[in-house]
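What follows is one structure encoded as structure tokens, with my remarks underneath.
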């Protein structure tokens, strides 16, 4: 088995976030968990801290995360928006993931 590169892992994760509903919703909830409590309460990012959603995405993605937690679903249109945005958080998803499991998933894909 050849060495799995960081680029290959990032490409794999980005693709999953763009196309796989389970990956996208799990990432949505995990990244939402990184929002500070006051950011969650007000619905937008009020400081730059390298975790959670950016200011541009905080309001809509936080509302989707809350809906997913409270109602257990997102509409097809909402899911489409999540797929369009969540891949921009590939770096954060990789940081919070198990590196061995990611490497195995990438290796299995090849």
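For the stretch 22-56, give me each residue that is at pLDDT below 95 and crowded, with 19+ Cβ neighbours inside 10 Å. Residues satisfying the conditions are 31, 32, 35, 39, 45, 52, 53.
Tell me, which residue of the stretch 72-109 that is touching a residue at least 12 places away in the same chain (Cβ under 8 Å) and not in a helix (DSSP H, G or I) is surrounded by the most Cβ atoms within 10 Å (Cβ to Cβ)? In this case the residue turns out to be 74.
The values are calculated or read from the model by the stated rules, or taken from the named source; none is laboratory data. All figures in this text were calculated on a predicted structure; none of them were measured in a lab. Using ideal geometry, Cβ is built from the backbone for each residue, glycine included, and neighbour counts are taken over all protein chains shown.
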